Amino acid sequence: MGRDVSDADQDRRPAGSCALVTGASRGIGAAIAVALAADGWPVAVNYRSGVAGADATVAAIEAAGGRAVALQGDVADPAIPAQLLEAVHERLGPVGVLVNNAGLRADGLALSLSDDDWQRVLDTNLGATYRLTRAVLREMIRARFGRVVNIASVVGPRANAGQANYAASKAAVIAFTKTAAVEVARRGVTINAVAPGLIDTDMTEGIPPQLAERVPAQRAGRPEEVAAAVAFLASDAAGYITATTLYVDGGLSA
Amino acid sequence: MADTSIEHIQKVITESLVTFGADPDAISRDAQLEALDVDSLDLAELSQIIEEQFGVELTSNDVAEIKTVGDAIDMVAERAK
């Protein structure tokens, strides 16, 4: 039944393909771009407004002997994903790895969130993930290879007061990941989620230090530790791993 | 200009179905796609191939109407005129 195991030969990165990381001007996204470049992927470093950060990410990759280009675009805008992919094609070639990392938070109790705070978090964290994934899957199923890694969060599977919008978006990302993954699994395309816990970035600035005490590892994680999980899922070695969520959280979700 | 002869359309569609895993000996105009184990993912990919090769865009409603190999060939041939 099904594909012969020898077909596993097709689960290798096609020559000339590249990686696209959204929201890669800083924090986890920048670390992911650097890690994928270190694994040999030419990397498209997407950013919305942090041009200096994106340029610094590209410079870091080039200094290490890698290849990268910075590409501006707010992926929450429904028109942007198609334009962004066209630009990536032109500059670096077809997308073999897509990392949907761009995300934002607009915290508040559920009873007081504005419609705008609800919508823009959903548009970026979930809508952009969906639209970009949809667009790359068309080419990935033809190439018989693809790696999509969606950045979720421990918030979503777990509650976190003040983040109902963020939690809803991230739980939905995990649900989307599972279903989309099973739809394309037999074409050599994997779709997984990585769920970071408390990671030391700009996004977690202002979070009380006592929070780290709730983490079994007793510390916040580093962006590079999340990036290592993404790089693994993007690698040839992870060809049989799909529809799963890998937690990088020092045990917080256990 | 793409070759939109019925023979070429039939060739492209047949080759695609074989790539998807259909048994070449079971493919005929009257063969039901379901019987060939051609499913919705295969049809989505076939739509892309048809669009690239013949410039014919098939909507999901169009695809839903395709039951046999002949249905697919005829629909593309009609639209490619």
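Working carefully through the options B:Glu45, B:Glu52, find the one that is out of contact with any strand residue (DSSP E or B) (no Cβ under 7 Å at 6 or more places or on another chain), modelled with pLDDT of 95 or more and closer than 27 Å to A:Gly188 by Cα.
B:Glu45
Among the residues that make up the range B:16-25, is at least one of them within 19 Å of A:Arg142 (Cα to Cα), within 14 Å of chain A (Cβ to nearest Cβ) and without any contact (Cβ under 8 Å) to a residue 12 or more places away in the chain?
yes
Taking the residues in the range B:35-57 that are touching a residue at least 24 places away in the same chain (Cβ under 8 Å) and of a type outside the set (A, V, I, L, M, F, W, C) as candidates, determine which candidate is nearest to the other protein chains (Cβ to nearest Cβ).
Among them, the one singled out is B:Glu45.
Suppose we keep only residues that are outside any helix (DSSP H, G or I) and within 11 Å of the chain's Cα centre (by Cα) within the range B:38-67. Which one would you say is surrounded by the fewest Cβ atoms within 10 Å (Cβ to Cβ)? Please lay out each step first, then the result.
Going residue by residue through the range B:38-67, those that are outside any helix (DSSP H, G or I) are B:38-39, B:55-59, B:66-67.
The next check asks that each one be within 11 Å of the chain's Cα centre (by Cα); those that pass are B:38, B:58, B:66-67.
On the way: B:Val38: 23, B:Leu58: 21, B:Ile66: 20, B:Lys67: 12.
Of everything passing the filter in the range B:38-67, B:Lys67 is surrounded by the fewest Cβ atoms within 10 Å (Cβ to Cβ).
Among A:Leu84, A:Leu111, which is the only one that is over 19 Å from A:Ile191 (Cα atoms), in a loop (DSSP other than H, G, I, E, B) and either more than 14 Å from chain B (Cβ to nearest Cβ) or free of Cβ contacts under 8 Å to residues at least 24 places away in the same chain (or both)?
A:Leu111
Out of the strands (runs of 3 or more DSSP E) lying entirely within the range A:139-253, which hold 2 or more residues that are touching a Leu at 6+ places or on another chain (Cβ under 8 Å) and among the polar types (S, T, N, Q)?
A:189-196
What residue, among those in the range A:187-197 that are farther than 20 Å from A:Gly23 by Cβ and within 14 Å of chain B (Cβ to nearest Cβ), is surrounded by the most Cβ atoms within 10 Å (Cβ to Cβ)?
That would be A:Val189.
Here is a list: A:Leu132, A:Leu104. Which entry is surrounded by fewer than 18 Cβ atoms within 10 Å (Cβ to Cβ) and aliphatic (A, V, I, L, M)?
A:Leu104
Out of all the residues in the range A:228-244, which are more than 14 Å from A:Ser153 (Cα to Cα) and either surrounded by 20 or more Cβ atoms within 10 Å (Cβ to Cβ) or in contact with a Phe, Trp or Tyr (Cβ under 6 Å, 6 or more places away or on another chain) (or both)? Before you say what the answer is, go through the steps one by one.
Filtering the range A:228-244 down to residues more than 14 Å from A:Ser153 (Cα to Cα) leaves A:228, A:231-243.
Residues satisfying the conditions are A:Ala231, A:Leu233, A:Ala234, A:Ala238, A:Thr242.
Among all residue pairs at least 6 apart or on different chains, which show Cβ distances below 6 Å where the first residue, located in the range A:188-211, is closer than 19 Å to A:Phe232 by Cα and the second is charged (D, E, K, R)?
Pairs found: A:Gly188/A:Asp11; A:Gly188/A:Arg144; A:Thr190/A:Arg147; A:Gly197/A:Asp249.
Are any residues in the range B:58-79 within 14 Å of chain A (Cβ to nearest Cβ) and modelled with pLDDT of 95 or more, and if so, which ones?
Across the range B:58-79, there are no qualifying residues.
Considering only residues of the range A:134-186 that are free of Cβ contacts under 8 Å to residues at least 12 places away in the same chain and among the small types (Gly, Ala, Ser), which is farthest from the other protein chains (Cβ to nearest Cβ)?
Selected residue: A:Ala159.
Which condition number does A:Ala15 fail, the rest of (1) at pLDDT below 95; (2) touching a Gly at 6+ places or on another chain (Cβ under 8 Å) being met?
So A:Ala15 meets the others, but not (2).
From the list A:Arg48, A:Arg67, pick out the single residue that is within 23 Å of A:Asp202 (Cβ to Cβ), surrounded by fewer than 20 Cβ atoms within 10 Å (Cβ to Cβ) and not small (Gly, Ala, Ser). Let's see the steps before the verdict.
Working: A:Arg67 fails: within 23 Å of A:Asp202 (Cβ to Cβ).
Exactly one of A:Arg48, A:Arg67 is within 23 Å of A:Asp202 (Cβ to Cβ), surrounded by fewer than 20 Cβ atoms within 10 Å (Cβ to Cβ) and not small (Gly, Ala, Ser), namely A:Arg48.
Which condition breaks for B:Ile13 when tested against (1) crowded, with 18+ Cβ neighbours inside 10 Å; (2) within 14 Å of another protein chain (Cβ to nearest Cβ)?
Going through (1) crowded, with 18+ Cβ neighbours inside 10 Å; (2) within 14 Å of another protein chain (Cβ to nearest Cβ) one by one, B:Ile13 breaks only (2).
The values are calculated or read from the model by the stated rules, or taken from the named source; none is laboratory data. The structure presented is a predicted model; accordingly, all values stated were derived computationally and were not measured. Cβ atoms come from the backbone with ideal geometry, glycine included; neighbour counts cover every protein chain shown.
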